[in-house]
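The values are calculated or read from the model by the stated rules, or taken from the named source; none is laboratory data. As the structure is a computational prediction, the values presented were derived from the model and not from experiment. We place every Cβ from the backbone using ideal geometry, glycine too, and count neighbours over all the protein chains shown. Each accessible area value is taken on the protein alone, full model and side chains, heavy atoms only, with ligands, DNA and RNA left out. Shrake-Rupley method; radii C 1.70, N 1.55, O 1.52, S 1.80 Å.
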Amino acid sequence: MTAIEVVRAAQGLEGYLADVEVELARAVGRHPGLVAEVGRGAMDAGGKRLRPALAFLSSAPHAGPPVAAGAAVELVHMATLVHDDLIDGAAVRRGRAAAWSEHGEGAARAAGDYLFARAFSVLAETVDSNAVSVLANASLALARGEAMQRRQRNDPDTTVDDYLERCALKTGALFAAACVLGGGSGEYGRLLGIAFQIADDVLDCTGDTIETGKVPGTDLQDGTPTLPLLLAAQEDPVVHAALAGGPKEGVLVRVAASGALERSRELALHYASWARSRLDGAPRRDELEALTRAVVERRS
């Protein structure tokens, strides 16, 4: 079986994700109106539901499935996508019109806030103050990561360390929260999230990202300094100028020719390996190990 098949075959995962979908629909539809409608559109756009799956795979088999935790982390993720599309001016998300382009900027901003609020409401219903604190800290990290990305925009001299810190904040923190809420290792989740983001940034440069919801080359067009772009910019002045805001035509070909994609994949593999090293004693270790391979090997 492939790595992703091992993950999907985890006993109870399919039923759990179905329960999460029910909880998401309940949470988003709790207060009918325009913002709920926009939120419903974000939910119906689908996605891999990777963060809820992390919560489940991190939980003990004998424990009750962490449905509220899975729904809450996914609601936060959905909220960030709605807000990110608005901030970036991205008109399309997963092949559908982004919330702001269909309903207007004000409605999208309010819908993102609504999804954030509903995430904490779902967790509050569990009467677990520690869980609320875990998700609050992850949400703060997301905001810090977004601010860092704004500062780094069109800066081809961004250091790799600063890029990795941004990955840890924007992606690793919510992965870590999902694992902790399920009862597992937050450090595994953080490292997995960094590996996932590096792989995602490689995909953005290869033209294979249609199914991820982003138009290929979005990071270059937005001036977002990702690892493959930064590595290529260190060697190629044309890529350096393009990332700084100059002409973009033909630049992705130059990125590929520089070997930056392969070097980026290698670092993603290292982070995946470091994530696996944090799994001593994990009850679903086989599936969690397979997940580290699946996030790096994916093509969409």
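Key figures
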| read-out | value |
| --- | --- |
| Matching residues in segment 16-35 - criterion: being surrounded by fewer than 18 Cβ atoms within 10 Å (Cβ to Cβ), among the small types (Gly, Ala, Ser) and either assigned to a loop (DSSP other than H, G, I, E, B) or touching a residue at least 40 places away in the same chain (Cβ under 8 Å) (or both) | Gly29, Gly33 |
| Residues satisfying the stated conditions in segment 172-197, i.e. among the hydroxyl-bearing types (Ser, Thr, Tyr), open to solvent by 10 Å² or more (accessible area, probe 1.4 Å) and outside any loop (DSSP other than H, G, I, E, B) | none |
| Selected residue (criterion: most open to solvent (accessible area, probe 1.4 Å)) from residues of segment 36-51 that are within 22 Å of Thr171 (Cβ to Cβ) and of a type in the set (D, E, K, R) | Lys48 |
| Of all residues in segment 211-240 being part of a loop (DSSP other than H, G, I, E, B) and open to solvent by 30 Å² or more (accessible area, probe 1.4 Å), the one that is modelled with the highest pLDDT | Pro216 |
| Filtered residue count, segment 289-300, keeping only those that are farther than 16 Å from Ser264 by Cβ and within 17 Å of the chain's Cα centre (by Cα) | 5 |
| Single match in Glu105, Glu74, Glu146 (criterion: at pLDDT 95 or above and acidic (Asp, Glu)) | Glu74 |
| Within segment 241-270, tally of residues that are under 15 Å from Pro156 (Cα atoms), buried (at least 18 other Cβ atoms within 10 Å of the Cβ) and of a type outside the set (Gly, Ala, Ser) | 4 |
| Any hit, segment 272-291, residues being open to solvent by 10 Å² or more (accessible area, probe 1.4 Å), within 21 Å of Pro156 (Cβ to Cβ) and part of a helix (DSSP H, G or I) | no |
| Check on Ala168, touching a Leu at 6+ places or on another chain (Cβ under 6 Å) and either assigned to a helix (DSSP H, G or I) or open to solvent by 20 Å² or more (accessible area, probe 1.4 Å) (or both) | no |
| Residue within segment 52-75 that is open to solvent by 20 Å² or more (accessible area, probe 1.4 Å), in contact with an Asp or Glu (Cβ under 7 Å, 6 or more places away or on another chain) and under 15 Å from Gly189 (Cα atoms) present | no |
| Verdict on Leu13 being touching a residue at least 40 places away in the same chain (Cβ under 8 Å) and either within 24 Å of Arg96 (Cβ to Cβ) or surrounded by fewer than 18 Cβ atoms within 10 Å (Cβ to Cβ) (or both) | no |
| Total residues in segment 34-63, condition at pLDDT 85 or above and over 21 Å from Leu279 (Cα atoms) | 2 |
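To keep it simple, each residue is scored yes or no on (1) modelled with pLDDT of 90 or more; (2) open to solvent by less than 20 Å² (accessible area, probe 1.4 Å); (3) closer than 18 Å to Glu37 by Cα; (4) in contact with a Cys (Cβ under 7 Å, 6 or more places away or on another chain).
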site: Arg96; (1), (2), (3), (4): no, no, yes, no
site: Ser101; (1), (2), (3), (4): no, no, yes, no
site: Ala110; (1), (2), (3), (4): no, no, yes, no
site: Ala117; (1), (2), (3), (4): yes, no, yes, no
site: Phe120; (1), (2), (3), (4): yes, no, no, no
site: Leu123; (1), (2), (3), (4): yes, yes, no, no
site: Thr126; (1), (2), (3), (4): no, no, no, no
site: Ala131; (1), (2), (3), (4): yes, yes, no, no
site: Ala136; (1), (2), (3), (4): yes, no, no, no
